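To start, the structure itself, in structure tokens.
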Amino acid sequence: MDKIPMTGHGFTQLEEELRRLKFVERPAVARALEEARGHGDLSENAEYEAAKERQAFIERRVAEVETKLSRAQIIDTSKLTGDTVKFGATVTVVDEDVDEEMSFQIVGEDEADIKKHRLSIKSPLARALIGKQVGEAVEVRTPGGGKVYELVKIVYR
């Protein structure tokens, strides 16, 4: 199986989610199921059905998070250096169409949050930037057509 790159922060977030799912969500849904069973006929019990669906979701997510944690490749971004873009880099690019500057860190898929300037390694822009150096331009296909970005800064922290 392939390793899943993530920062230490991303790994910690997944561990916290797993603990919450196992020790908060699971017991809560078990109580909801028990309460719904007490309401009688299960075939017409909407609360019971909703609790069963929630239980199935939690179990799928627990399995997914456990798999991701077992395949995690934690990358200490503070030890990275270089003049090319790689996982963990904080990059600044300029959208050449509108001359607008944007900065973001390239992180694991589960850590991505564009509002926090954290871009998934699997995103088209991040994939286009990997291996590039300051001054290079990349073209990215978007639903609205092609966009060109110039790489103006690379920082590792």
Share, in percent, of DSSP beta bridges within segment 19-157 that are antiparallel, nearest 5: 85 percent
Within segment 92-116, find all residues whose amide N lies under 11 Å from a label point positioned 7 Å from the Cα of ARG141 along Cα-to-beta-carbon. none
Size of electric dipole in the chain: Cβ of Lys, Arg +1 and of Asp, Glu -1, about Cα centre, debye, nearest 20: 600 debye
Here P(r) for segment 4-75, Cα-Cα distances in 10 Å bins, as whole percents, is 20, 38, 23, 14, 5, 0
Long-range tail of P(r) for the chain (Cα pairs > 22 Å, %): 55 percent
If you count the DSSP beta bridges with both ends in segment 77-155, what percent of them are antiparallel, to the nearest 5? 85 percent
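Could you tell me the relative contact order of the chain? Use alpha-carbon pairs under 8 Å, at least six residues apart, and round to a whole percent.
Averaging sequence separation for qualifying contacts and normalising by length gives 24 percent for the chain.
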Once THR81 and ARG60 are pulled to full extension, the length gained, defined as 0.36 nm per residue separation minus their Cα-Cα distance, is 3.8 nm
Can you tell me which of THR92, THR77, THR142 moves the most in a GNM of the chain? Springs connect C-alpha atoms under 10 Å apart. THR142
Additional length obtainable on full extension of the chain from LYS52 to ARG26, 0.36 nm per residue less Cα span: 8.2 nm
Once every DSSP H run of n ≥ 4 in the chain is given -39500 (n - 2.57) and the sum is divided by its residues, what mean residue ellipticity at 222 nm do you get, rounded to the nearest 500 deg cm²/dmol? -11500 deg cm²/dmol
When only Cα pairs under 8 Å and 6 or more residues apart are kept, what is the percent relative contact order across segment 4-75? 58 percent
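Throughout, read-outs are computed from the coordinates displayed, never taken from laboratory work. This one's a predicted model, so the numbers in the text were calculated from it and none came from an experiment. Positions of Cβ are backbone-derived with ideal geometry, glycine not excepted, and every protein chain shown enters the neighbour counts.
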